[in-house]
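Here the structure comes first, spelled out in structure tokens, and everything after it is commentary.
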Amino acid sequence: MPCEVKPRFLLLYGSQKGQAQAIAEGIFEEADKHGLVAELSCLNENEKYNLEKESAPVVFIVSTTGDGEPPDNALKFVKSIKKKTLPPDQYQHLTYALLALGDTNYANFCNCGKTIERRLLELGAKQFYATGYADDGVGLELVVDPWLEGLWAAIKQASNKMASDKNDQLKVNLSLSDHQPNPENTSNISTGKHAAMVTQTAITKSKPASSETRTDITSAPSLTNSLPPLSELALNVPALPPPFLDVALQEVDTCGPPNKDALYEVPISKAVKMTSGDAVKTALFLELDVSQYPVNYHPGDAFDVFCPNRAGEVEEMLRRLDLWDKRNHHASISLLKDTKKKGAQVPSHIPDNVSLLYLLTWCLEIRNVPKKAFVRALVEYTDDSTQKRRLQELCSRQGAADYNMFVRDQSLSVLELLSAFPSCRPPLSLLIEHLPKLQPRPYSAASSCLRHQGKVHFVFNVVEFPACSWRSDGRRGLCTGWLFDLISPALQSSGGQLLPKVHVSLRPNCSFRAPSDPSAPLVMVGPGTGVAPFIGFLQQREKQRQENPGVAFGETWLYFGCRHKDKDFLFREELEGFVSSGTLNHLKVCFSRDNEEVEEEVTESSTRPKYVQHKLLFDSKAITSILLQRGGYIYVCGDAKNMAKDVNDTLMEMIKTELQVDQLEAMKTLAMLREEKRYLQDIWG
């Protein structure tokens, strides 16, 4: 009998931090078990695939980054399909499914996925499976798991239909077997019975642990303790990720650093604490001397700061892995010869010729919150049966709520998870396979080259993570805590303290620049450290006004908020100076924790504005006129989860009230402003 040919499909991903890539790779790994052949490529690798001639189903897995932007490795693809010269039948032969990853804490939820889908449909492509929109704000798995579960049947049905259509076109009379599913029936494609990638064979229901081994069953559930019904359920756990790396440690005398040609090592020329000692948050101002490098930045751009993992945590991790004595050995990393992982590669962020100590200090994000696939892999290296069962629960579909509560929501690190499960002894190779690259941290430039030549300023709050059951003392943010430690001696000394150097690189933000037309009105909303880019905007504008006295400049508004006027009013003197010079026409401030009334802002009901969105409401007529009648711009910078969301909702209400329109029309109006690049955000979670 002839060998049966497995249906193939094309699998394309766009991923910024690795989540979309991990899901795509999981689908790739599982395809063979479902009688399918997957061809995996990054979206920007267009030399590996050709959508114009693709005859198989195509599956897209894409995330969104920044203010609704495509990931770096999908940007080229998105630009190519957005070309207006493409004919409307460009992809009429194409059939696709799409899983979009996003975060509803950000305004442009899943925008990259939506953009790709909109263009595919406009260019004639047809959907064979309902699009999934996964929300990292509540847990990606709530959408990802059921979407993957139904994907396999949908791909097979789409493949059968495409083969059937092709046969019809070729007028080949081939009868289908009785048991083959109806290729026209796509109504139930998302209700498959067997989970893919995230679900394997159910684990048999375990017997309740004895009183000697089980944690007090009357207590509340915790990271290491579960209660019925979860503790007594049969579990569906993820498929075990196949190992693919081999790590050999070699004793050597020296170790050279990796190539840092793309980085600038610059001195910190100034450091100032901007908040009072009793402020809730500590805000620090840094000035970097970039005069020795050709750095031409614009207000709105950011600088990436490259920081190491904390030395104490690196040491603890090495001791946890029983490798402290080998910390100066070189780590030689290669692919396992017999790995079952298709398309396996040594991670590109692992340099050659570095020590194990350097690897864990500069290359891997050891603070990373463990993904479920990693938790699943840890099960195999856990000796204690009770601890093993709990890890199985945390990575299972049934234990999703516990995973979110005790791992994800508490930003638990890999090290903290290992500390909670002492019988788990994973090999070094497992960490390298699962931990992502240690990412630089971006900070908005709070200066203009026109005002401060050869210098760049930025400001940040020292991030504090509260204590939890497995973090008794709390901890500082990785980069902000590191910077704080670097400059603390200088802050505490009376002068003469030599400041250290840091590695930085420019991160241009072309979508967050001041209007090219200086006459356009400008509204800026930046509470707390969100004011940083607007300091750069205003410094640049002030210099331009001085150099171009005959040019008409539009009016400027800045909405700033903090807790206390006398404790954390950042850049107060400089902002008041902008008002005095006429560079800033309207400075609107509010202090959420102060009790004093602000005279001009007391409403008829004597309600004092607390946050920047309340200030916006006071100026509803003026702001809507600027945006809708006068071609003005509004910029929002700061916290995505609360402030940016509240400002967006407030703008919606202002438009509804001033234009007397319903919610849908207000949403369309805001969408129009975004489309015209007149409502711009630089926000973070």
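Among the residues of the range 408-427, the one identified as among the basic types (Lys, Arg) and surrounded by fewer than 19 Cβ atoms within 10 Å (Cβ to Cβ) is 425. One residue is enough: does the range 122-141 have a residue meeting the conditions assigned to a helix (DSSP H, G or I), over 29 Å from residue 647 (Cα atoms) and without any contact (Cβ under 8 Å) to a residue 60 or more places away in the chain? The answer is yes; a qualifying residue exists.
Considering the conditions (1) farther than 19 Å from residue 242 by Cα; (2) modelled with pLDDT of 85 or more, residue 17 is excluded by exactly one of them, (2). If you check 407, 463 for being without any contact (Cβ under 8 Å) to a residue 24 or more places away in the chain, touching a helix residue (DSSP H, G or I) at 6+ places or on another chain (Cβ under 7 Å) and of a type in the set (Val, Ile, Thr), only one passes: 463.
With respect to residue 100, is the statement that it is in contact with a Lys or Arg (Cβ under 9 Å, 6 or more places away or on another chain) and either among the charged types (D, E, K, R) or within 30 Å of residue 673 (Cβ to Cβ) (or both) true? Answer is yes for this residue. Taking the range 509-522, which residues are closer than 18 Å to residue 444 by Cα and modelled with pLDDT of 90 or more? Residues satisfying the conditions are 512, 513, 514, 515.
Scanning the range 369-395 for residues that are part of a loop (DSSP other than H, G, I, E, B) and not β-branched (Val, Ile, Thr) gives 370, 371, 380, 381, 383, 384.
Residue-by-condition table, conditions (1) surrounded by 15 or more Cβ atoms within 10 Å (Cβ to Cβ); (2) not hydroxyl-bearing (Ser, Thr, Tyr):
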| site | (1), (2) |
| --- | --- |
| 429 | yes, no |
| 432 | yes, yes |
| 446 | yes, yes |
| 460 | yes, yes |
| 474 | no, yes |
| 491 | no, yes |
| 510 | no, yes |
| 515 | yes, yes |
| 521 | yes, yes |
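Residues of the range 649-672 that are closer than 21 Å to residue 560 by Cα and surrounded by fewer than 18 Cβ atoms within 10 Å (Cβ to Cβ): 649, 652, 653. Say whether the condition of being closer than 18 Å to residue 158 by Cα and within 20 Å of the chain's Cα centre (by Cα) is met by at least one residue in the range 14-22. No, the range 14-22 contains no residue that is closer than 18 Å to residue 158 by Cα and within 20 Å of the chain's Cα centre (by Cα). Residue 398 fulfils the conditions (1) in contact with an Asp or Glu (Cβ under 7 Å, 6 or more places away or on another chain); (2) part of a loop (DSSP other than H, G, I, E, B) except for a single criterion, (1). Picking from residues in the range 369-381 that are crowded, with 21+ Cβ neighbours inside 10 Å and β-branched (Val, Ile, Thr), the one that is farthest from residue 21 (Cα to Cα) is 379.
Candidates 447, 411, 423: the one that is outside the structural domain of residue 136 (by TED's automatic domain parsing), modelled with pLDDT of 95 or more, of a type in the set (Ser, Thr, Tyr) and under 30 Å from residue 567 (Cα atoms) is 447. Number of residues in the range 497-540 that are touching a helix residue (DSSP H, G or I) at 6+ places or on another chain (Cβ under 7 Å) and of a type in the set (Ser, Thr, Tyr): the value is 0. Residues in the range 475-506 that are part of a loop (DSSP other than H, G, I, E, B) and modelled with pLDDT of 75 or more: 477, 499, 500. Is there a residue in the range 537-547 that is in the same structural domain as residue 638 (by TED's automatic domain parsing), under 29 Å from residue 303 (Cα atoms) and outside any helix (DSSP H, G or I)? Scanning the range 537-547 turns up no residue that is in the same structural domain as residue 638 (by TED's automatic domain parsing), under 29 Å from residue 303 (Cα atoms) and outside any helix (DSSP H, G or I).
In contact with a strand residue (DSSP E or B) (Cβ under 7 Å, 6 or more places away or on another chain) and either modelled with pLDDT of 95 or more or over 24 Å from residue 236 (Cβ atoms) (or both) - does that describe any residue in the range 161-170? Yes, the range 161-170 contains a residue that is in contact with a strand residue (DSSP E or B) (Cβ under 7 Å, 6 or more places away or on another chain) and either modelled with pLDDT of 95 or more or over 24 Å from residue 236 (Cβ atoms) (or both). Within the range 432-474, being in a strand (DSSP E or B) and of a type in the set (Lys, Arg) holds for 437, 441, 455, 471. Within the range 420-447, residues that are polar (S, T, N, Q) reach partners that are outside any strand (DSSP E or B) and surrounded by 22 or more Cβ atoms within 10 Å (Cβ to Cβ) with beta carbons closer than 6 Å, at six or more positions or on different chains, in the pairs 444/532; 444/533; 447/536.
The values are calculated or read from the model by the stated rules, or taken from the named source; none is laboratory data. Small disclaimer: the values here were computed from a predicted structure and weren't measured. Quick reminder, even Gly has a Cβ in these numbers, built from the backbone with ideal geometry, and neighbours come from all protein chains shown.
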